[in-house]
Amino acid sequence: MHNLTSLMNIIGLLSILVIIALSFILMFKAEQIKQLRLTATKLKKSLEEMDEQAKLIVRTDIELNKAQEELDKKITGLYAVQRISRAISTALEENLIFQKIEAAHLEDLGFEKACGFLWQTKENKFIPHLYIGYSRDEINNIITRLELNKKTYLDLIEDEKTLSSISMSAHPQVKNKINELFAVTSFVIAPLLPKEGSKGFLFVGTESTDVTINEGDEELINILGNQIGQALENARLFEKTWLAHQELEKKVEERTRQLSLALEEIKKVSQRKSNFISSVSHELRTPLTSIKGYAAILIEEKLGQLPQAVKERLEKINRHSDELVHMINDLLDIARIEAGKTIMKIEAQDLKDMVASVSDLIAIQCKNKNIELIQDIQKNIPLVLVDHSQIERVFINLLGNAVKFTPVKGKITIKASQIGEMVQIDISDTGIGIPQEALSLIFEEFYRVDNPVNQEVKGTGLGLSLVKNIIEAHKGKIWVESKLSKGSAFSFTLPVSKESNG
Ligand code: ADP
């Protein structure tokens, strides 16, 4: 009994232990289940998040592809605009500018239809200059209907804004009218706004319903419109410049014609003057010769003795007659040379010899005034092609003047040097000089500067005119440089002879 009780106790104890152990196990399992549930919830959440991210990635990928497509479209469009710009920049006529826009360019911009109109103020209507994707009849139909609705398009130009089927969605009625008029489903219209010349608009559109126009298209067509506007302006400016050039050429032609008429007239007058001088001189020479002859007979007292006072007067008559003859001869020479009637005996001459011989002639006058005469002839100076006696006259006249207008103890220099195909001779002095205002006049007949020397010494004012005529008859030039109280330098050129100066 005792044993049974103990066994029962043991069993009871064991049961309690088992129950306790089972309770522990149950508790542990419940905790495990709880943990598993938590993990499962977490996993579910992560899965959901991953799903969300996957969806996002797909969406981003689609958007990226779309953006890439947009970008490609834009680049192709930009290239097309660049090609059109390059082509139209060389066109200098309105029509040529539009002709340079081709269907292929338009395709790259995503359109198959285009037309360009310019507003002609004089005719008060839009004139088409471009149509792609339309037949002539279709365009005529568009022009007729445009005419009825021109205000809309004139306002568009006035507003200087680019419009498209998107930007006009707020005005469906106008948009639909445009769609209908140009037979398209989407379009862009850009104003053409040259600063010079006719304004207008460029229309591009498509019939395709797959194409959707966006702001990028609007921007591209706006750029294209600006480029066309600039090209139109350039063409207008070119036309203006060209017209101005034509006008100028006409004027130049007219002036040239007037000048040659005036030159002809001058030649005629000059010819008449030469003829007049020559005939008057001849007329004067005959009576002068007889005056001189009678005076000579009287002075020689062939007709009886004369009182001294009469003889002195007669000698004066004789002297003055000589001066007059001298003057008439100079005048006759000038007239003859001017008229080309003087026959020049052109030969190769040695300038050194000529200068030496005229220096000899003038030496006495120089000595009398204590003037130093310097010869500065370039070494190996070539021979010159001249009429010896005429050029000697030139030297004598110029040196005579130099001596006359140079005070005592002055200096006269004769310089000669080769300049290309000519020899230049400069005769300079340290004389009284010539006032600036007289420099252009002294080569004219009878002109003499009003100075103390001229008041004292007689002269005709014909010497320099004769000299100029002789030099020009040799195809040379003559000019003078001078400073009052410092001196003058007369320079002239003569042609070089091909013959060598041995
Ligand atoms: P003329 O000597 O007979 O007066 P010219 O035709 O030779 O006529 O000269 C015209 C004028 O030019 C002279 O009167 C003088 O006033 C001026 N002239 C010429 N040569 C010189 C010179 N070397 N220096 C100053 N004046 C000069």
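The values are calculated or read from the model by the stated rules, or taken from the named source; none is laboratory data. Not measured: the values here are computed from a predicted model. Note that each Cβ is placed from the backbone with ideal geometry, even for glycine, and that neighbours are counted across all protein chains shown.
Below is a table of values for the structure above.
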{"quantity": "Any chance GLY487 is surrounded by 16 or more Cβ atoms within 10 Å (Cβ to Cβ) and at positive phi", "calculated": "yes"}
{"quantity": "Strands (runs of 3 or more DSSP E) contained entirely in segment 281-391, each with at least 1 residues that are more than 27 Å from THR406 (Cα to Cα)", "calculated": "346-349, 384-387"}
{"quantity": "Hits in segment 326-342 - residues which are of a type outside the set (D, E, K, R) and either surrounded by 15 or more Cβ atoms within 10 Å (Cβ to Cβ) or assigned by TED's automatic domain parsing to the domain that holds SER417 (or both)", "calculated": "MET327, ILE328, LEU331, LEU332, ILE334, ALA335, ILE337, ALA339, THR342"}
{"quantity": "Residue match in segment 266-284 (condition: touching a residue at least 24 places away in the same chain (Cβ under 8 Å), surrounded by 11 or more Cβ atoms within 10 Å (Cβ to Cβ) and over 60 Å from the mean Cα position of the chain (by Cα))", "calculated": "no"}
{"quantity": "Residue count for segment 180-199, restricted to those that are under 23 Å from GLY110 (Cα atoms) and touching a residue at least 24 places away in the same chain (Cβ under 8 Å)", "calculated": "12"}
{"quantity": "Failed item, numbered, when VAL480 is tested on (1) modelled with pLDDT of 95 or more; (2) under 43 Å from the mean Cα position of the chain (by Cα); (3) in a loop (DSSP other than H, G, I, E, B); (4) surrounded by fewer than 20 Cβ atoms within 10 Å (Cβ to Cβ)", "calculated": "(3)"}
{"quantity": "Residue within segment 351-363 that is crowded, with 16+ Cβ neighbours inside 10 Å and under 48 Å from the mean Cα position of the chain (by Cα) present", "calculated": "yes"}
{"quantity": "Test: residue in segment 153-174 that is more than 18 Å from VAL204 (Cβ to Cβ) and surrounded by 13 or more Cβ atoms within 10 Å (Cβ to Cβ)", "calculated": "yes"}
{"quantity": "Residue that is farthest from the ligand (Cβ to nearest atom) [pool: residues in segment 420-472 that are in contact with a helix residue (DSSP H, G or I) (Cβ under 7 Å, 6 or more places away or on another chain) and in a strand (DSSP E or B)]", "calculated": "VAL423"}
{"quantity": "VAL394 being in contact with a Leu (Cβ under 6 Å, 6 or more places away or on another chain) and either under 20 Å from ALA473 (Cβ atoms) or surrounded by fewer than 21 Cβ atoms within 10 Å (Cβ to Cβ) (or both)", "calculated": "no"}
{"quantity": "Which numbered condition MET327 misses (of (1) within 18 Å of ALA473 (Cα to Cα); (2) in contact with a Leu (Cβ under 7 Å, 6 or more places away or on another chain))", "calculated": "(1)"}
{"quantity": "Matching residues in segment 360-389 - criterion: being more than 16 Å from the ligand (Cβ to nearest atom), in contact (Cβ under 8 Å) with a residue 12 or more places away in the chain and of a type in the set (S, T, N, Q)", "calculated": "ASN370, GLN375, GLN378, ASN380, SER389"}
{"quantity": "PHE98 vs. criteria within 60 Å of the chain's Cα centre (by Cα), part of a helix (DSSP H, G or I) and not basic (Lys, Arg)", "calculated": "yes"}
{"quantity": "Residue count for segment 486-502, restricted to those that are modelled with pLDDT of 95 or more and assigned to a loop (DSSP other than H, G, I, E, B)", "calculated": "1"}
{"quantity": "Within segment 403-419, considering residues that are free of Cβ contacts under 8 Å to residues at least 60 places away in the same chain and surrounded by fewer than 15 Cβ atoms within 10 Å (Cβ to Cβ), the one farthest from the ligand (Cβ to nearest atom)", "calculated": "SER417"}
{"quantity": "Residue within segment 124-136 that is closer than 21 Å to SER208 by Cα and surrounded by fewer than 15 Cβ atoms within 10 Å (Cβ to Cβ) present", "calculated": "yes"}
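Residues are listed down the side, and each one gets a yes or a no for (1) of a type in the set (D, E, K, R); (2) more than 30 Å from GLN230 (Cβ to Cβ); (3) out of contact with any helix residue (DSSP H, G or I) (no Cβ under 8 Å at 6 or more places or on another chain); (4) touching a residue at least 40 places away in the same chain (Cβ under 8 Å):
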| site | (1), (2), (3), (4) |
| --- | --- |
| ALA21 | no, yes, yes, no |
| MET27 | no, yes, yes, no |
| ASP51 | yes, yes, yes, no |
| ILE88 | no, no, no, yes |
| ALA91 | no, no, no, yes |
